[in-house]
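Notes to accompany the following structure.
What follows draws every value from the coordinates through simple rules; no lab data is involved. Here the structure is a predicted model, which is why all the values come from computation and not from measurement. Backbone-built Cβ (ideal geometry, glycine too); neighbour counts: all protein chains shown.
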Amino acid sequence: MSTEPIVIARKLTKYFGLLDQPPSNSLKIAIRFCVDADATRIFQALTKPEYLETWISFPGDDVGSYLVAWRERDGYRLDHYRRGRRDTMIRARYRICRRRKMLFTWSMSGERTTSESLVYIGLQGNFTSTIVELHHRGLSSMSDCSWQREMWHNSFDRLARLFQR
């Protein structure tokens, strides 16, 4: 039996204990996948605005939808446009931003407004591939959780395709 899930659960309890609301009372998303690239390149794709624009994908996006990413003092902001106007703005504010782990608050405003939640992304890997692990907690409703889950799955599919050989 592997002790890895226990270690990860302890780390996440420590990180998610920073939320104002208890994480056990909220909805959660957990995703784990492998990308054919080293952790340094994945970290850049996850943190640099010019790269975020290429892989983050919202549910219901069409050819006229696009994303503009902005660096902010303590994180980044994503402005999503549909039919020529901004419909959603996301603010991500780092609490931890290291080469192999990121912890940030996540809040949305506009047509889709959500309460602040917390996202943890960890990277494990070597020179040829990296395991990306995401935990998103503090989601307040089933519809918000479903939308966020679809957004993360669509986005991570695009991210993995960027690095396909």
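The figures follow:
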quantity: Cα-centred dipole magnitude for the range 47-116, charges only on beta-carbon of K, R (+1) and D, E (-1), debye, nearest 20; calculated: 460
quantity: Residues in the range 92-123 reached by a label modelled at Ile131 [backbone nitrogen below 14 Å; 7 Å Cα→Cβ]; calculated: 122-123
quantity: Point-to-point label distance, Arg73-Thr113, nm (Cα→Cβ direction, 7 Å offset); calculated: 2.5
quantity: Residue-count net charge about Gly125 - beta-carbon cut-off 14 Å; Lys, Arg +1, Asp, Glu -1; calculated: +2
quantity: Which of Val63, Val119, Val68, Val132 has the fewest Cβ neighbours within 10 Å, and the rest in rising order; calculated: Val63, Val68, Val119, Val132
quantity: For the range 100-139, convex hull volume per residue from C-alpha positions, Å³; calculated: 72
quantity: Distance (nanometres) between label positions extended 7 Å along Cα→Cβ at Arg161 and Thr40; calculated: 2.8
quantity: Viscosity 0.890 mPa s, temperature 25 °C, Stokes-Einstein D of the range 4-162 from Kirkwood C-alpha radius, µm²/s; calculated: 153
quantity: Cα-centre dipole for the range 4-162 with unit charges at Cβ (Lys and Arg positive, Asp and Glu negative), debye to 20; calculated: 500
